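To keep things clear, I will list the structure first and then write my remarks on it.
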Amino acid sequence: MSTQRSLPARVFSVALLLAVACTSPPADPPRPAPEPVPAPQPTPPAPPLPAPADTAAPVAPFPTTDETFVVMVSFDGMRYDFLDRVPTPAFDRVAAAGIRAAGLIPAYPSKTFPNHYTLATGLYPANHGIVDNEFYDPQFDAVYALHDRETVEDGRWYGGEPIWKTAERQGLVAASFFWVGSEAVGLRPTYWKRYDEDVPNAARVDTVLAWLGLPPERRPRLVMLYFSDVDDAAHRYGVDAPQLDTAIAAMDVVLGRLQDGLAALEVADRVNLILVSDHGMAPVPRDQVVYLEDYADLSGVRVIDNSTQALLYFDGDEMELWAVHDALVGRIPHAEVHLKEELPRRWHYSRSRRVGEIVIAAEPGWMVASRESRPWRGVGMHGWDPYFRAMHGIFLAAGPGIQPGGELASFENIHVHPFAAALLEIEPAPGIDGRLDVLAPHLRTPASVRP
Ligand SMILES: [Zn+2]
């Protein structure tokens with residue numbers, strides 16, 4: 001793919017932006033974690049892709065002079081407004097040098113796994129297959145769960161093409177440090193890591209910097225990086241807790257460490273930084289849980305509850321389906337009962353066989369659960385309708401390929417994949433839900449972008 005990035009003088013370099021910096025890499029904050037650990041795992045759709053080894057060799061040698069790089073970082077649970085509650089100089093530098101959205105609208109449900117994989121693929125969850133953190137597939141007759149390593153690393157669960165595979169298919173080297181999908185067999189990029197929440201954030205950054213310091217033929221052009229601290233703190237302590245402020249500040253420090261390190265690299269002025277989160281966060285009092293069994297007999301039903309929504313599977317038993325439906329509709333409080341075919345269209349959620357025939361969606365601030373679920377002990381949650389503003393995440397980006405432009409309106413996270421592809425000057429994956437035109441006006445070299 002050719003490129004003609006003529007951005008000489010104006011190439012405000014990331015170096016500049018990154019120059020400031022953080023000096024001391026802090027130790028990782030304590031990590032509470034009521035929610036299942038987010039981990040990465042992908043899978044290739046069409047052609048079976050070769051599974052790369054952990055620190056394998058390069059894919060295709062590229063000329064080094066005109067390459068662009070993308071480093072995409074996810075701060076799990078970073079709500080759209082969290083950056084405004086404590087000083088965040090590192091995030092501020094990115095916003096000042098590039099663009100910041102009023103919010104990044106997650107796909108439904110606003111959970112970690114579906115949304116990280118949506119960010120990667122540009123597809124709504126019903127179209128990429130990771131429809132929730134936990135769900136059932138009637139064809140596989142198996143349950144996928146984010147805490148189940150076997151399913152997380154099983155490529156058959158993952159549809160679509162994550163951006164790192166899109167890049168490698170077009171000859172680039174890619175890397176992932178804990179992005180959902182990147183651990184799955186068949187979907188692994190050249191460099192990847194098996195999820196381990198105990199890996200200190202500073203070590204994650206240092207590894208990414210080491211990757212970017214490799215010789216050109218082995219150096220990844222795309223790097224995905226993940227941090228969970230904000231999500232952990234918000235679940236455990238709540239959205240107004242000082243511990244959350246501490247976690248946000250820690251993320252700024254770790255971002256500063258990344259900026260400093262990037263600034264010192266040979267490729268400093270060619271790196272585009274994209275900062276995102278998968279969803280926001282809202283308070284949920286411990287006693288605001290509605291138990292499904294209190295309203296319907298679910299003894300013959302497969303129930304998978306994901307706290308803010310429950311997926312009910314009936315295995316073709318229509319009698320049972322209508323019995324449960326009629327028992328719940330109008331009776332269960334603080335939740336909406338949807339037949340799969342009648343889900344809100346804005347959720348784009350009906351098409352997957354992995355979505356139960358009935359979806360019970362709790363209203364914001366409430367949760368739905370089965371009596372068999374483990375008791376909820378947190379005070380912050382997410383997963384509700386993405387049109388609930390508190391579910392919105394962050395989006396900031398800066399680099400030589402991005403036109404500085406201040407604040408943008410909120411947009412859906414399906415559009416991040418084509419944006420990242422454009423910055424890498426490659427074609428996005430075919431058939432995605434996201435569109436390049438949403439962010440194209442903020443590209444510095446729109447002429448190089450193909451329609
Ligand atoms: Zn979470």
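Bear in mind these aren't lab numbers, they're just calculated from the coordinates by the rules spelled out. A quick note: this is a predicted structure, and the numbers were derived from the prediction, not measured. Here the Cβ is made from the backbone with ideal geometry for all residues, glycine too, and neighbour counts use every protein chain on show.
List of remarks:
- Paramagnetic label zone (point 7 Å from Cα along Cα-to-C-beta, E150; backbone N under 16 Å) in the stretch 104-139: 135-137
- Karplus 3J(HN,Hα) series, Hz, for the stretch 426-433 with 6.51 cos²θ - 1.76 cosθ + 1.60 (x for Gly, Pro): 10, 7, x, 4, x, x, 7, 7
- Dipole of the stretch 95-155, positive end: most advanced residue of A107, A96, T121 [Cβ charges, Cα centre]: A96
- Across the alpha-carbon set of the stretch 289-377, the Rg to Rh ratio works out to 0.93, Rh being the Kirkwood radius.
- Taking GluC sites (Glu not before Pro) across the stretch 313-387, the ones in a DSSP loop with at most 11 further Cβ atoms lying within 10 angstrom of their Cβ are E372.
- Prolate/oblate/rounded label for the stretch 170-321 (Cα gyration tensor, a/c 1.5): oblate
- The modelled label-to-label distance for the pair D317/S299, using points 7 Å beyond Cα in the direction of Cβ, is 1.0 nm.
- Remark: the stretch 396-405, residue by residue, has Karplus-estimated 3J(HN,Hα) of 9, 7, 7, x, x, x, 10, 7, x, x Hz, where x stands for each Gly or Pro and the curve is 6.51 cos²θ - 1.76 cosθ + 1.60 at θ = phi - 60°.
- Whether the stretch 353-451 is rounded, prolate or oblate, judged on the alpha carbon gyration tensor where a/c under 1.5 counts as rounded: prolate
- Whole-number percent relative contact order across the stretch 103-253, with pairs defined as alpha carbons under 8 Å at least 6 apart: 16 percent
- Point-charge dipole on Cβ atoms (K/R +1, D/E -1) for the stretch 208-334, about Cα centre, debye to 20: 760 debye
- Listed residues S307, S370, I332: farthest to the positive end of the dipole of the stretch 289-377 (Cβ charges): S307
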